[in-house]
Structure formats: structure tokens, C-alpha cells
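K.L.:
Following this message is one structure expressed as C-alpha cells.
The values are calculated or read from the model by the stated rules, or taken from the named source; none is laboratory data. Bear in mind that the values here come from a model prediction, so they are computed numbers and not experimental data. Every residue, glycine as well, gets a Cβ built from its backbone with ideal geometry; the counts of neighbours run over all protein chains shown. Surface areas here come from the heavy atoms of the whole protein model, side chains and all, with no ligands, DNA or RNA. Shrake-Rupley method; radii C 1.70, N 1.55, O 1.52, S 1.80 Å.
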Amino acid sequence: AVQRLQQAERPLIIAGGGVRYSGAEQALAALAGKRGIPVVETVAGKGTLSHDDPVHAGPIGIIGSTSANALAADADVILAVGTRLQDFTTGSWTAFAGDAAFISVNAARADAGKHRSLAVVGDALETLGELDTALGDWQAPAARMQQARSLFADWNALLDRHQAPTDSETPTYAQVVAVVNAWADPDDHLIAAAGGVPGEVQKGWRVKTPGTYDLEFGFSCMGYEISAGWGHAMAIRDWGEQGGRGLPIVLIGDGTYLMMNSDIYSSVLTGHKLVVIVCDNAGFAVINRLQTFKGTPEFNNLLKDCRVAQPDRIPRVDWAAHARAMGAEARHCESLEALRNGLDWARTTDRTTLLSITTDAYSWVPGDADWDVGVPEVSDRASVREARSHQEAIRSRQRRGV
């Protein structure tokens with residue numbers, strides 16, 4: 001592993017969830033800074049570093065950043081620490097050059113050996129310490145970190161453009177994320193899991209303090225968010241995490257909220273406060289996006305496209321009233337400014353507080369990694385045949401494993 005790294009011209013570190021489970025955040029940041037290697041983060045690994053850490057270059061993969069994906073495509077040696085190198089991380093294995101060399105540090109032998117990796121089976125914290133010692137005075141070429149900082153600056157500029165307020169009556173996910181992120185204290189915890197929220201927070205949430213970001217997206221865990229926020233509140237208050245500081249902030253879509261919301265009542269009952277922001281885009285907007293991207297017309301994902309009893313009078317949930325019925329404080333926000341004011345109010349309440357806001361079902365921060373999702377080989381629809389051609393192009397670019 002040492003020899004492979006020392007031969008690298010364009011090395012890259014991928015920080016996975018195992019870094020956080022091992023408590024190896026500081027060790028990884030120290031190694032990367034000392035050796036001049038940029039670090040990108042997986043879904044589970046985001047929060048290993050703060051957004052502004054000098055070695056941080058963004059989230060990688062399908063819901064990742066253009067900066068991290070560009071560095072991945074260009075890398076000749078990748079040190080993957082505590083990651084399963086799964087589909088979303090690797091862009092269905094299109095994110096890396098076919099001849100890129102992997103060194104995988106993982107406690108699970110099966111994951112450490114994926115895709116012709118040089119397997120290093122071990123705990124992340126212990127292994128990083130040994131690797132750092134063995135590397136001696138080696139450093140990556142200075143141009144590599146310069147490249148990473150330039151790409152990351154471009155990515156931040158793109159985020160700024162998408163997160164900036166506009167004259168539109170309906171705000172985007174990106175704008176909501178930016179408002180909540182700016183309001184959050186450094187020790188507050190962001191919790192998300194399913195729907196359109198994960199991609200938008202993975203790209204747009206700028207972590208202020210390591211360990212304050214929790215995106216459970218291994219199996220798109222619908223219903224995780226509010227119960228996890230309750231768990232965060234327990235950990236912060238009852239077990240003294242970070243000295244008892246911080247507020248759990250749950251970001252959730254309307255569809256997922258309907259699947260699992262009863263722990264709002266549980267959190268009120270036990271006195272564990274969290275703030276819940278419901279982004280209401282009237283359906284399962286991210287699935288609608290995937291459906292249309294694969295060539296199928298909109299159907300049965302957004303309320304306006306569903307088979308309902310009275311299409312001209314589709315019933316809408318009053319999220320604030322629903323939360324109040326479970327004992328929470330709550331209000332609906334008609335604008336981004338109202339959301340800012342609502343968040344300030346939520347900081348002062350003595351119990352779980354919910355804020356709802358209507359969001360755009362069609363506006364997303366762009367991503368440029370591929371995802372191999374099945375499309376029919378035979379169809380009467382030209383749009384489906386076009387999507388099939390795109391899928392075959394993705395498969396032709398996939399790195400072949402063993």
C-alpha cells in the first residue's frame with residue numbers, strides 16, 4: 001500500500017462511513033494534510049471533515065459534486081477508507097479510470113477486496129496511523145491539491161448560484177437547504193434519509209463541525225428521519241454528546257413524512273426536542289424525476305398525476321396542524337423569509353417544532369455521475385428507447401471488476 005501511494009501522481013482519498021465509526025476523522029485529516037492528498041466523502045462519510053477543511057473536495061458519486069467526481073475520474077491511485085464502494089459512491093463504477101489502482105482499508109474483508117483493490121483489512125484509525133508512519137516524508141505532487149482546490153471553488157460557486165434566492169414564488173430544495181444551513185449552529189445535527197432531500201443535502205449542506213451530519217441512505221430508509229432525530233436528541237441531552245450542545249434538525253419530504261411521523265409525539269412525550277422541516281412538493285418528486293429520466297411520462301408519483309377521486313379538488317395535508325395534533329409546536333412558512341423567521345422561533349420553543357414549506361418538484365442541483373438503472377430493451381415509446389441507449393452507453397463505460 002505504501003509503495004502504491006508513493007508512486008501516485010494524482011492520488012485521492014475517499015472517506016467512508018467506517019472513518020466515522022472508527023473515530024478516525026482527525027487521523028484522516030492529518031494524513032491528508034501532511035501528504036497533500038484531497039479527500040472526498042461518501043454518503044455515510046460526509047461529516048468526516050468540515051466543508052471548509054483545506055483538504056476537503058466535496059461529496060463523491062451519483063448525488064455528489066462535480067469537484068469530487070472530476071478528481072475521481074482523474075485519479076491514478078485511490079485510498080478508499082471505510083467504504084463499501086457501492087453503486088452511489090462509484091457512479092455504478094463509471095466514476096474512475098479503468099486502470100486506476102485502489103487501496104481499500106476496511107474491517108470487512110469482502111469490501112476491502114472489491115474491484116481489484118489492494119485489500120488492507122483493519123480498523124480505519126489504527127491503519128491510518130500505521131500508514132502515515134510508513135510513508136516517511138513522502139508527499140503528493142503539489143499540483144494535485146491545487147487542482148482539487150480549484151475544482152472545489154468552482155463547485156462552491158455553482159452551489160451559490162443554485163442556493164441564491166430568486167423571484168420564484170415556490171422555493172427550491174437548494175434554497176431551503178441554504179436557509180437552514182445558514183441558520184444552524186456549528187453543533188446542530190442535520191438528519192435526512194429518503195426522497196429528494198438526500199441529494200440536495202449531500203451536495204448543498206456545508207458541514208460546519210465534523211460529526212454533525214447524518215444521512216442514512218444505504219437503502220433509502222424512508223421513515224428513518226424523525227425517529228433518528230429523536231435518537232440524536234436523546235444522545236445529545238441524555239448522554240452528553242458534545243457536552244450536551246446542539247439541536248437535531250430533521251429535513252424531510254412530504255411523502256416520507258406520511259410514512260413515519262409518530263415519533264414526533266414520542267419526542268414530545270419524553271421531552272427530547274428536535275426541529276422538523278417538511279419540504280412539501282406534493283408527492284414523490286425524486287421518483288417522478290427518475291421515472292421521466294428513464295423515458296416514462298409522469299404517472300402516479302406527484303399528486304397531480306395520480307388517480308384520485310376528485311382531480312380538481314386534491315386534498316392536501318396541513319402539516320402544521322398534523323404536528324400540533326401530536327403535541328408539537330408548528331407553523332407553515334409561505335416564503336424563505338418566513339422560514340428564516342420560523343427557524344428563529346423554533347430555537348425558542350420548549351418542545352419539538354415543525355415548519356412546513358412548499359417546494360419546487362422539478363428543480364435540482366445538477367450532478368454528473370452515471371447511475372445504471374434498468375430500462376426496457378423493447379418499447380413503443382421513443383423516449384424509452386432513447387433512455388435505453390443512454391443506459392447501454394453507461395454500461396460501456398463501467399470499470400470491470402473481478
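K.L.:
With springs only between Cα atoms under 10 Å, which of Gly58, Gly295, Gly18 fluctuates most in a Gaussian network model of the chain?
P.N.:
Among Gly58, Gly295, Gly18, the largest mean-square fluctuation in the Gaussian network model of the chain belongs to Gly295.
K.L.:
Count the DSSP beta bridges whose two residues both fall in region 253-402, then state the antiparallel fraction as a percent rounded to the nearest 5.
P.N.:
For region 253-402, the DSSP antiparallel bridge percentage is about 10.
K.L.:
Let me ask something else about it. Convert each backbone phi in region 128-143 into a coupling constant with the Karplus relation 6.51 cos²θ - 1.76 cosθ + 1.60 (shift: θ = phi - 60°), then list the ³J(HN,Hα) values in order as whole Hz, x for Gly and Pro.
P.N.:
Rounded to whole hertz, the list is 4, x, 5, 5, 4, 5, 5, 6, x, 9, 5, 9, 5, x, 4, 4.
K.L.:
What list of ³J(HN,Hα) couplings, whole Hz, do you get for region 228-237 from phi and the Karplus terms 6.51, -1.76, 1.60, once you set θ to phi - 60° and write x for glycine and proline?
P.N.:
After applying 6.51 cos²θ - 1.76 cosθ + 1.60, I find 5, x, 4, x, 4, 4, 4, 5, 5, 7 Hz.
K.L.:
Next question, about the same structure. Could you name the lysines in cross-link range of Lys46, using Cα to Cα under 20 Å and dropping any fewer than eight places away on the same chain?
P.N.:
The qualifying lysines are Lys203, Lys208.
K.L.:
Quick check: from the Cα gyration tensor, does region 226-351 come out rounded (a/c under 1.5), prolate or oblate?
P.N.:
Because a/c hits 1.5 or more and a/b exceeds b/c, region 226-351 counts as prolate.
K.L.:
Can you list the equivalent-ellipsoid semi-axes of region 155-226, largest first and in whole Å, using the square root of 5 times each Cα gyration tensor eigenvalue? Before the final figure, lay out each step's value.
P.N.:
Values: eigenvalues 86, 48, 24 Å².
So the equivalent ellipsoid measures 21, 16, 11 Å along its semi-axes.
K.L.:
Continuing with this model, one more query. Whole-Hz Karplus ³J(HN,Hα) for region 101-113, in order, using 6.51 cos²θ - 1.76 cosθ + 1.60 and θ = phi - 60°, x for Gly and Pro?
P.N.:
With the stated coefficients, region 101-113 comes to 9, 10, 10, 10, 9, 7, 6, 9, 4, 4, 6, 5, x Hz.
K.L.:
I need to check one value: relative contact order of the chain, counting alpha carbon pairs closer than 8 Å and at least 6 residues apart, in percent.
P.N.:
Value for the chain: 17 percent.
K.L.:
Go ahead and run the numbers for FRET between Arg307 and Arg161, Cβ-Cβ distance against an R0 of 30 Å, rounding to 0.05.
P.N.:
That pair, Arg307 with Arg161, gives E of 0.20.
K.L.:
Arranged from highest to lowest average of other beta-carbon atoms within 10 Å per residue, in what order do the peptides 156-169, 315-328 appear?
P.N.:
315-328, 156-169
K.L.:
Cut-off 10 angstrom, C-alpha nodes, Gaussian network model of the chain. Which of Tyr257, Tyr362, Tyr213 fluctuates the most?
P.N.:
Looking only at Tyr257, Tyr362, Tyr213, the biggest GNM fluctuation is shown by Tyr362.
K.L.:
Accessible area of the chain with a 1.4 Å probe: how many percent of it is carbon plus sulfur?
P.N.:
After summing per-atom areas, the C and S share lands at 52 percent.
K.L.:
Taking springs between alpha-carbon atoms closer than 10 angstrom, which of Ile13, Ile287, Ile277 fluctuates most in the Gaussian network model of the chain?
P.N.:
It is Ile287.
K.L.:
Here's a follow-up. At 1.4 Å probe size, with every protein chain present, just tell me what the per residue accessible area of the chain comes to in Å². Could the numbers behind the result be given before it?
P.N.:
Details: 17260 Å² over 402 residues.
About 43 Å² of surface per residue is accessible.
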